[in-house]
Every structure is written in C-alpha cells, then in structure tokens.
C-alpha cells in the first residue's frame, strides 16, 4: 500500500503509523520533520508545484518499494505557512525487518529533499524574508543510494 | 505549425519575474529548453537576470525533470524553478 498526501492539513503521527502497521510485517520506521526553532524564525512558508508534487512523491514511494520488501509506505508533506515546532513531513515504512524499514525511510527522505518540488521561504521576527537554499549535503545524501 | 507552451515559475524565479505563469508561442526553430530560455532572456532585464545562470535553475517538461538540452517536443508545460528545498 502506498499513500501520498500533500496539503495544508496537519497529520496524526500515531494514526498514520498504526495504518502502516496494519498492513503487516513487524518493523515500522518513521521520520517526522518539523519547523526548527533557530532563534528568530517567525514562519516558514512551503510552496510547491501542485501538478508535479503528487507524481514525484508517488515515484519516490514506488522506487522505495522496488528496492526494499515493504508492506506499506506513507508520505505526507504539508504546504502553506507553518510556525516553529509544527510538522512539515511524515514518512512511515513497514516491512518484516528493521533494516528494510529504516533504510527505505531514510532513502525516501533523501530523495524527497532533492527531487520533490517544494520550496521553503522563511520569515524572521523582524519581517525579513529569505528563500532557503538547497544544500550540498542533501545532494550528497541522495547520491549515496545510487551506489 | 503554430505551437505554444505554458510556462510556470516557482519560488524566487516567480517572485523576481513578477508572474507565476504565461503562455508563449514557439517558432519552428525552437527545439530545446535552452532555446526557450534564450527567447525569454531577450525579453528584458528581469528575465535576463533571473535566467542568466542556468546552473541555479531546474526545469521540468510536463512535470518530468529535464535539462537545458532537453527537447520540447509536444510538451505543453515548462516549469522553471530553483533547486528544491522541501522535507
């Protein structure tokens, strides 16, 4: 089972994890990304390319399923204006064994950060805004799975 | 043959161009994404500045990633945006 959702609504980590675990296996891995408090951040705005986002995440989930024996994959990514501490992204994977669950979860996040069409814009407490730049470390992390 | 393509812009590309989409007509000589970029850059300072460094841009043709050398073919939509920063 693959579930991909993109939208402004928050997600419930517990119920999403339970849904994946009900698909079988005994190893569930999850990752939650939240808006980091780095001092004077006011809001983080997530923009995306609606026509492409769903398709890109679906492809990432399918690539993960072809690389590891997974029973279920859930990817949820929020868009719109978010405050410090709010959820941004959730990935849950379910398999028979922990290596497959943890590795595939990590792979999905690395791919997502380099190919899924989302952009973050931060607004500081003083009103200054800035588009966040892509990081080389994220690109390197995504590259390592190609070996 | 008259063909046109819908251009969509995101993040700082959208902000600096002051628009999120537009449709342009393509002549017979337009073969690749790079050709479209050349047409846009000839339109004025804002386009020339934003599109000058294609290393800083990413492209998608009908929602699939491409490069400046990718053939437009019968694609209906070309997206131009910065490297992605989701997650």
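For a footprinting-style exposure proxy, rank A:109, A:1 by other Cβ within 10 Å, fewest first.
Ordered by Cβ neighbours within 10 Å, fewest first: A:1, A:109.
Quantify how strongly other chains surround peptide A:51-57 by giving the mean number of their Cβ atoms within 10 Å of each of its Cβ atoms.
4
By count of other Cβ within 10 Å, fewest leading, how are B:65, A:49 ordered?
B:65, A:49
For the range A:98-147 and the range A:10-69, compute the distance between their C-alpha centroids and round to whole Å.
Cα centroid of the range A:98-147 versus Cα centroid of the range A:10-69: 12 Å apart.
Can you list, bin by bin at 10 Å, the percent of alpha carbon pairs in the range B:3-81, starting at 0?
Calculated P(r), rounded to whole percents: 19, 61, 20, 0.
Running Debye on chain A with equal point scatterers at the Cα sites and no solvent, what base-10 log of I(q)/I(0) appears at q = 0.16, 0.17 Å⁻¹?
-0.86, -0.96
Run the simple label-point estimate for residue A:18 and residue B:56 please: 7 Å along Cα→C-beta, distance reported in nm.
Reported label-point gap for residue A:18 and residue B:56 is 4.8 nm.
Rounded, prolate or oblate: which one fits the range A:1-48, using the alpha carbon gyration tensor with axes a ≥ b ≥ c (rounded when a/c is under 1.5, else prolate when a/b beats b/c, else oblate)?
Verdict is prolate for the range A:1-48.
Given 5 Å bins starting at zero, what is the percent of C-alpha pairs of the range B:19-62 in each, up to the one with the largest pair distance?
Pair shares across the bins are 5, 18, 31, 30, 14, 2.
Tell me, what is the percent relative contact order of chain B, built from C-alpha pairs under 8 Å that lie six or more residues apart?
In percent, rounded to a whole number, it is 36.
Take the range B:36-87, drop everything but the C-alpha atoms, weight them equally and run the Debye formula without solvent; then report log10 I(q)/I(0) at 0.25 Å⁻¹ to two decimals.
These q points yield log10 I(q)/I(0) values of -1.05.
Coordinate-derived values only; no laboratory data. Because the structure is predicted, anything quoted here is derived from the model rather than measured. Note: ideal-geometry Cβ built from the backbone for every residue, glycine included; neighbour counts use all protein chains shown.
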